[in-house]
1. Taking helices (runs of 4 or more DSSP H) that do not extend beyond the range 22-113, which have at least 2 residues that are within 18 Å of residue 144 (Cα to Cα) and touching a Phe, Trp or Tyr at 6+ places or on another chain (Cβ under 8 Å)?
2. How many residues are outside any helix (DSSP H, G or I) and either more than 18 Å from residue 260 (Cβ to Cβ) or under 22 Å from the mean Cα position of the chain (by Cα) (or both) when one looks only at the range 10-21?
3. Out of the range 22-60, which residues are surrounded by fewer than 16 Cβ atoms within 10 Å (Cβ to Cβ) and closer than 18 Å to residue 88 by Cα?
4. Tell me whether the range 230-251 contains one or more residues that are assigned to a loop (DSSP other than H, G, I, E, B), of a type outside the set (Lys, Arg) and under 19 Å from residue 151 (Cα atoms).
5. Starting from the range 17-35, take each residue that is not assigned by TED's automatic domain parsing to the domain that holds residue 257 and list its partners that are in a loop (DSSP other than H, G, I, E, B) and buried (at least 16 other Cβ atoms within 10 Å of the Cβ), counting only C-beta distances under 7 angstrom and pairs at least six apart or across chains.
Amino acid sequence: MSSKIIVIPVYKNEPNRDESKSFKQGVKVLIEHQICIVTYKDLDISYYINILKKANALFSVEFFSSEYFKSISGYNQLMLSLDFYQRFSKYSYLLLYQLDAWVFEDKLNYWCQQGYDYIGAPWFEEGDLVFNNFIIIGVGNGGFSLRKVSSAIKVLKSIKRIVPYSTIWNLSVFKKLNIRGKIYSSIKLWLAIFYFRNNTSYLINNCNLNEDYFWSELVSNLFNFYKIPTGEIAMNFSFEVNPRHLFQLTKKKLPMGCHGFNIFEPDFWKEHIN
């Protein structure tokens, strides 16, 4: 059976009511697994430690730069950091559990056995901006997500050309380029597009996208080995947007967990979360 760890990012010393409920639920349901709090050194995390100790949980703490916890952008950088995944390299999988997530049942062993590199809740067309739009366009949300550690490390260590040279050559910018008249600028442009920026290393270090989109959409398209489930499979792992609709699709069976229970159709979640 593969080794696994629950990773809970913490960025404030005292959670609000929903965050506290989420943390306690995670500890209660996932008590059989190693739990790790990810935070920064100057933060007082005694509230969380006391709960873990009271539950006799197996836990550890990993500290990172406080810059990662000041904004969504910082958090995205942490989730794209090689150092982050290397801290957990002795584990096969990590379950990322943000404190606006909720876990209903410990099915972690089952989902690890499925062999996916990344699993998150299904995404719908227009994302979280338009409700009642039931076209699933991808998988998935990172707030409650399962990640294969070795695959993440492999991606983050890679330098892979993104756009083939033949495609670049046929771009209209090159057809219009007057190389003789702009030798210096042309060389810079060619180097940037052909080499310096046309690789996964540049993409990772200059990515302004949400980290879950990077892992589930960009990486799954760039790397053939990287395996993610279909939306139909992922909905049994987690709900986020349109939970009531997903509940009907799963024949009224709750997934292992969910993300954004206090944001997306909270009235629905009140029927299932006390």
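1. Working: elements: 46-54, 72-79, 82-86, 108-113.
By residue number, 72-79, 108-113.
2. Quick first cut of the range 10-21, residues outside any helix (DSSP H, G or I) only: 10-16.
Those still in the list that are either more than 18 Å from residue 260 (Cβ to Cβ) or under 22 Å from the mean Cα position of the chain (by Cα) (or both) too: 10-15.
Going through the range 10-21 one residue at a time, the tally reaches 6.
3. 32, 58, 60
4. Quick first cut of the range 230-251, residues assigned to a loop (DSSP other than H, G, I, E, B) only: 230, 235-237, 240-242, 250-251.
Filter once more, so that each one left must be of a type outside the set (Lys, Arg): 230, 235-237, 240-242, 250.
After this cut, where a residue has to be under 19 Å from residue 151 (Cα atoms) as well, the list is 230.
Taking every residue of the range 230-251 in turn, at least one turns out to be assigned to a loop (DSSP other than H, G, I, E, B), of a type outside the set (Lys, Arg) and under 19 Å from residue 151 (Cα atoms).
5. none
So that you can scan it fast, the table gives a plain yes or no per residue for (1) surrounded by 12 or more Cβ atoms within 10 Å (Cβ to Cβ); (2) at pLDDT below 85; (3) out of contact with any strand residue (DSSP E or B) (no Cβ under 9 Å at 6 or more places or on another chain):
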{"site": "170", "(1), (2), (3)": "no, yes, yes"}
{"site": "199", "(1), (2), (3)": "yes, yes, no"}
{"site": "204", "(1), (2), (3)": "yes, yes, yes"}
{"site": "213", "(1), (2), (3)": "yes, no, no"}
{"site": "227", "(1), (2), (3)": "yes, no, no"}
{"site": "243", "(1), (2), (3)": "yes, no, no"}
{"site": "251", "(1), (2), (3)": "no, no, yes"}
{"site": "266", "(1), (2), (3)": "yes, no, yes"}
{"site": "273", "(1), (2), (3)": "yes, no, no"}
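The values are calculated or read from the model by the stated rules, or taken from the named source; none is laboratory data. Values in this document were obtained by computation on a predicted structure and should not be read as measured data. Don't worry about glycine lacking a Cβ; one is built from the backbone with ideal geometry, like all the others, and counts go over all protein chains shown.
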